[in-house]
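S.K.: Sharing a structure with you now.
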Amino acid sequence: METEELEKFMNLAILEAEKAKEIDEVPVGAIVVKDGKVIAKAHNTKNQSKNALHHAEMIAIEKAQKKLNDWHLYDCTLFVTLEPCPMCAGAIVNARIGTVVFGAFDPKAGCFGSVFDFRKKFNHTPNLITGIKEKECASLLTNYFKLKRRKNGD
């Protein structure tokens, strides 16, 4: 994919992250693309659903699998605003997603290079494209947590 197309799809993931922020969830958004078309989109709903599994990536992967009626997502690209955590990286590997594109690195929990790299030891190795609209993705998170700290008096 060309840079322009990567940014276009990351903008859609950012819109999903904005939806999470509107419902007071950590602003992470994800979309799944196949053959140049969005087949799934999601944002964090962990607090709202009271379900620790409801990360944006997990929801988007599940929606894509249902849409394709297959758990294999070889020909799909996952766009996510934040580097996936261990749970999401494991789901990406298990779903056989072909390419992962993320915006901001996660130095505390990222598992595609920051803390661990799930591509090094497992049976499936997705292609990886990083730093797409990194500043925008990172500022969404930084601003969200600054506001949370202010509200909580920290």
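S.K.: If r is the Cβ-Cβ distance from Glu134 to Asn69 and R0 is 41 Å, what FRET efficiency results, to the nearest 0.05?
M.R.: 0.75
S.K.: Does a label point 7 Å from the Cα of Lys151, set along Cα-to-beta-carbon, have any residues of the range 50-87 with amide nitrogen under 20 Å, and which are they?
M.R.: 50-52, 54-56
S.K.: Quick one: with all protein chains in place, what share of the accessible area of the chain is carbon or sulfur, to the nearest percent (1.4 Å probe)?
M.R.: Values: 4240 of 8380 Å².
Carbon plus sulfur share of accessible area: 51 percent.
S.K.: With N denoting the number of residues in the range 30-69, provide Rg(C-alpha) divided by 2.2 N^0.38 Å, to two decimal places.
M.R.: With N residues counted in the range 30-69, Rg over 2.2 N^0.38 Å equals 1.18.
S.K.: So what is the 222 nm mean residue ellipticity for the chain from helices alone, if each DSSP H run of at least 4 adds -39500 (n - 2.57) and you divide by all residues, rounding to the nearest 500 deg cm²/dmol?
M.R.: Value at 222 nm, helices only: -13500 deg cm²/dmol.
S.K.: On to the next question. Checking the a/c ratio against 1.5 first, then a/b against b/c, what shape does the Cα gyration tensor give for the range 12-79?
M.R.: Verdict is oblate for the range 12-79.
S.K.: How do 22-31, 47-56, 102-111 rank on mean C-beta neighbours within 10 Å, highest first?
M.R.: Sorting 22-31, 47-56, 102-111 by mean packing, highest first, produces 22-31, 102-111, 47-56.
S.K.: Run through the DSSP bridge list for the range 1-131 and note the antiparallel percent, rounded to the nearest 5. All intermediate terms of the calculation are to be shown ahead of the outcome.
M.R.: Working: 12 of 21 bridges.
Beta bridges within the range 1-131, antiparallel portion: roughly 55 percent.
S.K.: Round to a whole angstrom and tell me the spacing of the C-alpha centers of the range 99-150 and the range 1-49.
M.R.: Each part's Cα centre sits 13 Å from the other's.
S.K.: Under unit Cβ charges (Lys, Arg +1; Asp, Glu -1), what dipole magnitude, rounded to 20 debye, does the chain have relative to its Cα centre?
M.R.: I would put it at about 520 debye.
S.K.: Mind checking which aspartates and glutamates have their C-alpha under 18 Å from Lys63, skipping anything on the same chain fewer than 8 residues away?
M.R.: Partners found: Glu16, Asp35, Asp75.
S.K.: Checking the table Lys108/Lys135; Lys8/Lys148; Lys8/Lys133 against a 19 Å threshold on Cα-Cα, which pairs fail?
M.R.: From Lys108/Lys135; Lys8/Lys148; Lys8/Lys133, over 19 Å: Lys8/Lys148.
S.K.: Taking the Cβ of Val33 as the centre, find all other residues whose Cβ is under 11 Å away and add up their charges (Lys, Arg: +1; Asp, Glu: -1).
M.R.: Spelling it out: positives minus negatives among the neighbours equals +1.
S.K.: Within the range 12-61, how many lysine pairs that are 8 or more places apart, or on different chains, have C-alpha atoms less than 18 Å apart?
M.R.: On the way: Lys19/Lys41; Lys19/Lys46; Lys19/Lys50; Lys21/Lys41; Lys21/Lys46; Lys21/Lys50.
Value for the range 12-61: 6.
The values are calculated or read from the model by the stated rules, or taken from the named source; none is laboratory data. Just so you know, these numbers come straight off a predicted model, no measurement behind them. Please note: Cβ atoms are built from the backbone with ideal geometry, for glycine as well, and neighbour counts cover all protein chains shown. Keep in mind that these areas ignore ligands, DNA and RNA; they rest on the heavy atoms of the full protein, side chains included. Shrake-Rupley method; radii C 1.70, N 1.55, O 1.52, S 1.80 Å.
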